[in-house]
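For reference, the structure discussed in these notes is given below.
The values are calculated or read from the model by the stated rules, or taken from the named source; none is laboratory data. In this text the structure is predicted, and so the values were computed from the model without any measurement. Here Cβ is always computed from backbone atoms with ideal geometry, including for glycine, and neighbour counts include all displayed protein chains.
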Amino acid sequence: MDHVLDNPAWNAMISFNRELSLGNEDVRYFQDTVSPFAGLRLPGSDSLMQLYELLPPGRVTATVTAAVLDIPSCWTILYEASLLQMTCKHFRSAATSTQSIVKLGTEHVPQMITLTKLTNPGPFAERTIEFGNYTGIFSSGELAAMAGQRLHAFDYTEISAVCTHLDQAGKGYGRALVAWQAEQIIGAGGIPFLHVRKDNATAIKLYEQSGFTVRREMQFYVLQKAASNDNSVK
């Protein structure tokens, strides 16, 4: 894997997200209150065994990589999927006024968690907001849509947690938030990227309208360590 984005979690954890991560020079991971993601310097079964030894019993973790991984039997595979990784070099402005976009803070976390549980855009926990730059649109005092930034791997910044309440769908909120995030990242000299399920045609269309193009297919794994160390690793 030669490109930074072929191994985005690892490259984020050795660059701009290093302070939020734990681990060693081969395997790193975020605390579970921040994000389930782990990064593997050399993705493969050896690194996954190291990760298994580092994490506490019962911990759920996730990793995304260009490589197809052979998962050691000590792990329980909760979910695996192929994703599309998309990048954007020239964003397209959305019609929604940026005046309606609000920067979200810790006081908004309860509403953010509620919204992500309803829409399931990906993992979002109490401290996920510490990645920074989360924004939202409110309707009648309730959080209607949100988007933020997660993995920041050298020059590339991931747009994440893009979601809209089902009652607010079709109003262009998601596209406006993605375009705003992309503009901020490009304006700071970076390149936005994101991941989306291959079968999520609605989201893919939204991202393409904002100027994103598919870079490559990626592999996504959600794994869980045994709840007790009695299940020894061999």
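Quick rundown of the values:
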quantity: Matching residues in the stretch 167-196 - criterion: being of a type in the set (Gly, Ala, Ser), within 22 Å of Lys103 (Cβ to Cβ) and without any contact (Cβ under 8 Å) to a residue 60 or more places away in the chain; calculated: Gly174, Gly187, Ala188, Gly189, Gly190
quantity: Test result for Gln209, more than 26 Å from Leu48 (Cα to Cα) and not aliphatic (A, V, I, L, M); calculated: yes
quantity: Residues that are part of a loop (DSSP other than H, G, I, E, B) and either assigned by TED's automatic domain parsing to the domain that holds Trp10 or aromatic (Phe, Trp, Tyr) (or both), drawn from the stretch 122-135; calculated: Phe124, Tyr134
quantity: Residues that are outside any loop (DSSP other than H, G, I, E, B) and either hydroxyl-bearing (Ser, Thr, Tyr) or in the same structural domain as Ile113 (by TED's automatic domain parsing) (or both), drawn from the stretch 31-58; calculated: Ser45, Ser47, Tyr52
quantity: Pair list, Cβ under 7 Å, 6 or more apart: the stretch 197-222 residue on the phi > 0 side of the Ramachandran plot, other residue surrounded by fewer than 16 Cβ atoms within 10 Å (Cβ to Cβ) and of a type in the set (Lys, Arg); calculated: Gly211/Arg92
quantity: Hits in the stretch 1-30 - residues which are among the β-branched types (Val, Ile, Thr) and in a helix (DSSP H, G or I); calculated: Val4
quantity: Residues of the stretch 196-212 that turn out to be touching a strand residue (DSSP E or B) at 6+ places or on another chain (Cβ under 7 Å) and within 18 Å of Val64 (Cα to Cα), as a count; calculated: 3
quantity: Count of the stretch 198-231 residues which are touching a Ser or Thr at 6+ places or on another chain (Cβ under 6 Å) and under 14 Å from Cys88 (Cα atoms); calculated: 1
quantity: Contacts under 9 angstrom Cβ, first residue in the stretch 59-71 being over 13 Å from Ala9 (Cβ atoms), partner in a loop (DSSP other than H, G, I, E, B), 6 or more apart; calculated: Arg59/Asp32; Arg59/Pro36; Arg59/Lys225; Val60/Asp32; Val60/Pro36; Val60/Pro123; Val60/Lys225; Asp70/Gly44
